[in-house]
1. Taking the Cα centre of segment 66-113 as the origin and placing charges on Cβ (Lys, Arg +1; Asp, Glu -1), which of M71, A105, A95 is farthest toward the positive end of the dipole?
2. Past the 15 angstrom mark, what percentage of all C-alpha to C-alpha distances in segment 91-141 do you count?
3. Explain nothing, just the number: dipole magnitude of segment 75-133 about its Cα centre with +1 on each Lys and Arg Cβ and -1 on each Asp and Glu Cβ, in debye rounded to the nearest 20.
4. About the Cα centre, and with charges only on the beta carbon of Lys, Arg (+1) and Asp, Glu (-1), how big is the dipole of the chain? Nearest 20 debye, please.
5. Once you've got the GNM for the chain with C-alpha springs shorter than 10 Å, pick whichever of S150, S23, S89 has the biggest mean-square fluctuation.
6. Please report the net charge: other residues with Cβ closer than 15 Å to the Cβ of A81, K and R +1, D and E -1.
7. Over the chain, what is the relative contact order in percent, taking alpha-carbon pairs closer than 8 angstrom and at least six residues apart?
8. Which residue fluctuates most in the GNM of the chain (Cα springs below 10 Å): A61, A95, A84?
Amino acid sequence: MTAMTPAPTRTRPDLSYLLDHTSHVLRTQMAAALAEIGLTARMHCVLVHALEEERTQNQLAEIGDMDKTTMVVTVDALEKAGLAERRPSSADRRARIIAVTEEGARVAARSQEIVDGVHEAALGAFPAKDRETFLRLMNHLVDGHLNAPSPSPSPSPARRPRQRG
């Protein structure tokens with residue numbers, strides 16, 4: 001193929017770009033808004049979901065789509081800020097749960113107001129009659145065809161190290 005070969009003609013809107021771009025911008029707006037009260041989106045996620053019911057660190061990591069290392073760093077930051085602490089589970093003494101402190105509950109309530117405001121501002125870009133339709137369709141994608149990622153393709157075979165000659 002040469003530089004003179006024309007690009008293929010797009011026959012559909014670039015859904016990947018549209019979703020990626022809007023998600024990126026929404027995340028940056030959320031990060032800036034939550035930073036004003038000293039939280040990250042991950043910290044907000046852990047606080048809110050830990051308040052819903054007794055949950056282990058692993059359960060919260062799964063809800064927040066965080067790997068173990070990220071979850072540990074997030075909980076460490078919440079503990080350092082006095083917003084949460086690790087405690088033994090009342091249901092399984094081998095497990096440890098993330099318990100939100102009173103101050104953490106106050107911060108979680110404020111952070112939820114912030115999150116709701118950022119979401120409302122984003123939805124405000126639509127005429128009122130289109131907001132419910134948009135949310136219904138997005139939920140349809142999340143609950144259906146785009147519910148779970150496809151398995152990663154198998155990695156390419158490892159290159160053998162060069163032999164010294």
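The values are calculated or read from the model by the stated rules, or taken from the named source; none is laboratory data. Small disclaimer: the values here were computed from a predicted structure and weren't measured. Neighbour counts are summed over all protein chains in view; Cβ atoms, including those assigned to glycine, are modelled from backbone coordinates with ideal geometry. All accessible areas refer to the heavy atoms of the entire protein, side chains included, with ligands and DNA or RNA removed. Shrake-Rupley method; radii C 1.70, N 1.55, O 1.52, S 1.80 Å.
1. Highest projection toward the positive end goes to A95.
2. On the way: 846 of 1275 pairs.
Of all Cα-Cα distances in segment 91-141, 66 percent exceed 15 Å.
3. Numbers: 10 positive and 11 negative charges, 71 e Å.
In total the dipole reaches around 340 debye.
4. Here the size comes out at about 1100 debye.
5. S150
6. Values: positive: R42, K80, R86, R106, R110; negative: E36, D76, E79, E85, E102, E103.
Taking every other residue near A81 into account, the sum is -1.
7. Numbers: 109 pairs, mean separation 32.0, N = 165.
Averaging sequence separation for qualifying contacts and normalising by length gives 19 percent for the chain.
8. It is A95.
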